[in-house]
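Visitor: Dumping the structure here so I can ask a few things about it.
The values are calculated or read from the model by the stated rules, or taken from the named source; none is laboratory data. Quick caveat, the model's predicted, so the values are computed rather than measured. When we count neighbours, we look across all protein chains shown, and the Cβ atoms used for this are built from the backbone with ideal geometry, even at glycine. When the accessible area is computed, the model is the full protein with side chains, heavy atoms only, and any ligands, DNA or RNA have been set aside. Shrake-Rupley method; radii C 1.70, N 1.55, O 1.52, S 1.80 Å.
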Amino acid sequence: MTEIIGVLLAAGSARRFGAHKLLAELPDGEPVGLCAARNLVQVLPDSLAVIRPGDKELAERLAATGIELIENPDAATGIAGSIRVGVSARSDADGWLIALADMPWIRPVTIRAVADALRAGAAMAAPTCGGRRGHPVGFSARRRSQLMSLSGDRGARRLLEAAGPDLCLVETSDTGILRDIDTPSDLAAFD
């Protein structure tokens, strides 16, 4: 079976949120980052979370989901560094599904559909809803060197924009693929 590794990016600084947004509670009381991790692990049990060094409370909460924790010593350099850390931690995988810890509303069925597109041979895969591309995004092992050469805070967006027919778009009705939390009002706007 094709080994797809979930990589939860959880090393951001949350400057716009003004507090630790991944520990902020959703209406049901579950922390944002924990919900995102549970959804990912439900589909890809062999997932890992890339966190900031010394983020003890988040690490303890995420560990309860069974997700493997990897620290990014250069978290301040941007999201691309966290992608590189996650991919290099499992460099022998057949592919990686990159998920964002501030997107707790993505349904497991959507995560599975993107992973299945990689298993079916897609070089890259992403969900779409209403004509808009969202998260999580998947990359096959054929894209390992490109992922390892990323830099800055745009993550893999450049790769997706240049993908053309190599990008398999997975249509879904899951609006969670478009809903992230950057500010406290983002959190308050959704139930």
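Visitor: Testing Ser82 on (1) surrounded by 22 or more Cβ atoms within 10 Å (Cβ to Cβ); (2) over 24 Å from Arg107 (Cβ atoms), one condition comes back false. Which one is that?
Guide: The one condition Ser82 does not meet is (2).
Visitor: For the stretch 120-140, enumerate the residues that are assigned to a loop (DSSP other than H, G, I, E, B) and more than 13 Å from Leu97 (Cα to Cα).
Guide: First, pick out the residues of the stretch 120-140 that are assigned to a loop (DSSP other than H, G, I, E, B): 120-123, 130-131, 134-136.
Selection gives Ala120, Gly121, Gly130, Gly131.
Visitor: Please determine whether any residue of the stretch 141-151 is assigned to a helix (DSSP H, G or I), open to solvent by 80 Å² or more (accessible area, probe 1.4 Å), modelled with pLDDT of 90 or more and under 22 Å from Ala93 (Cβ atoms). Steps first, answer last, please.
Guide: Narrowing the stretch 141-151 to residues assigned to a helix (DSSP H, G or I): 141-148.
Checking the rest, the ones that are also open to solvent by 80 Å² or more (accessible area, probe 1.4 Å) come to 142, 145.
Next cut, modelled with pLDDT of 90 or more only: 142, 145.
Pick out the ones that are also under 22 Å from Ala93 (Cβ atoms) and you get 142, 145.
Scanning the stretch 141-151 turns up at least one residue that is assigned to a helix (DSSP H, G or I), open to solvent by 80 Å² or more (accessible area, probe 1.4 Å), modelled with pLDDT of 90 or more and under 22 Å from Ala93 (Cβ atoms).
Visitor: What number of residues within the stretch 172-191 are modelled with pLDDT of 90 or more, open to solvent by less than 40 Å² (accessible area, probe 1.4 Å) and under 17 Å from Ala36 (Cα atoms)?
Guide: 3
Visitor: Quick test for you: out of Leu169, Leu160, pick the one residue that is surrounded by fewer than 18 Cβ atoms within 10 Å (Cβ to Cβ), modelled with pLDDT under 95 and not in a loop (DSSP other than H, G, I, E, B).
Guide: Numbers: Leu169 fails: modelled with pLDDT under 95.
Exactly one residue qualifies, and that residue is Leu160.
Visitor: Could you check, for the stretch 23-30, whether at least one of its residues is open to solvent by 30 Å² or more (accessible area, probe 1.4 Å), closer than 20 Å to Pro184 by Cβ and in contact with a helix residue (DSSP H, G or I) (Cβ under 7 Å, 6 or more places away or on another chain)?
Guide: So far as the stretch 23-30 goes, yes, one or more of its residues are open to solvent by 30 Å² or more (accessible area, probe 1.4 Å), closer than 20 Å to Pro184 by Cβ and in contact with a helix residue (DSSP H, G or I) (Cβ under 7 Å, 6 or more places away or on another chain).
Visitor: Out of Asp28, Asp46, report the one residue that is at pLDDT below 95 and closer than 13 Å to Leu97 by Cβ. Full working, then the answer.
Guide: Details: Asp28 fails: closer than 13 Å to Leu97 by Cβ.
Result: Asp46 is the single residue among Asp28, Asp46 that is at pLDDT below 95 and closer than 13 Å to Leu97 by Cβ.
Visitor: Is it true that some residue in the stretch 91-107 is over 14 Å from Leu40 (Cβ atoms), among the basic types (Lys, Arg) and surrounded by fewer than 19 Cβ atoms within 10 Å (Cβ to Cβ)?
Guide: no
Visitor: Further, regarding this structure: Across the stretch 96-119, what is the total count of residues that are part of a loop (DSSP other than H, G, I, E, B) and either without any contact (Cβ under 8 Å) to a residue 24 or more places away in the chain or of a type in the set (D, E, K, R) (or both)?
Guide: From the stretch 96-119, those part of a loop (DSSP other than H, G, I, E, B) are 101-107; that's our starting set.
Now narrow it down to the ones that are either without any contact (Cβ under 8 Å) to a residue 24 or more places away in the chain or of a type in the set (D, E, K, R) (or both): 102, 107.
So the answer is 2.
Visitor: Another one. In the stretch 43-66, which residues are out of contact with any Pro (no Cβ under 8 Å at 6 or more places or on another chain) and open to solvent by 10 Å² or more (accessible area, probe 1.4 Å)?
Guide: Within the stretch 43-66, Pro45, Asp46, Arg52, Gly54, Asp55, Lys56, Glu57, Ala59, Glu60, Ala63, Ala64, Thr65 qualify.
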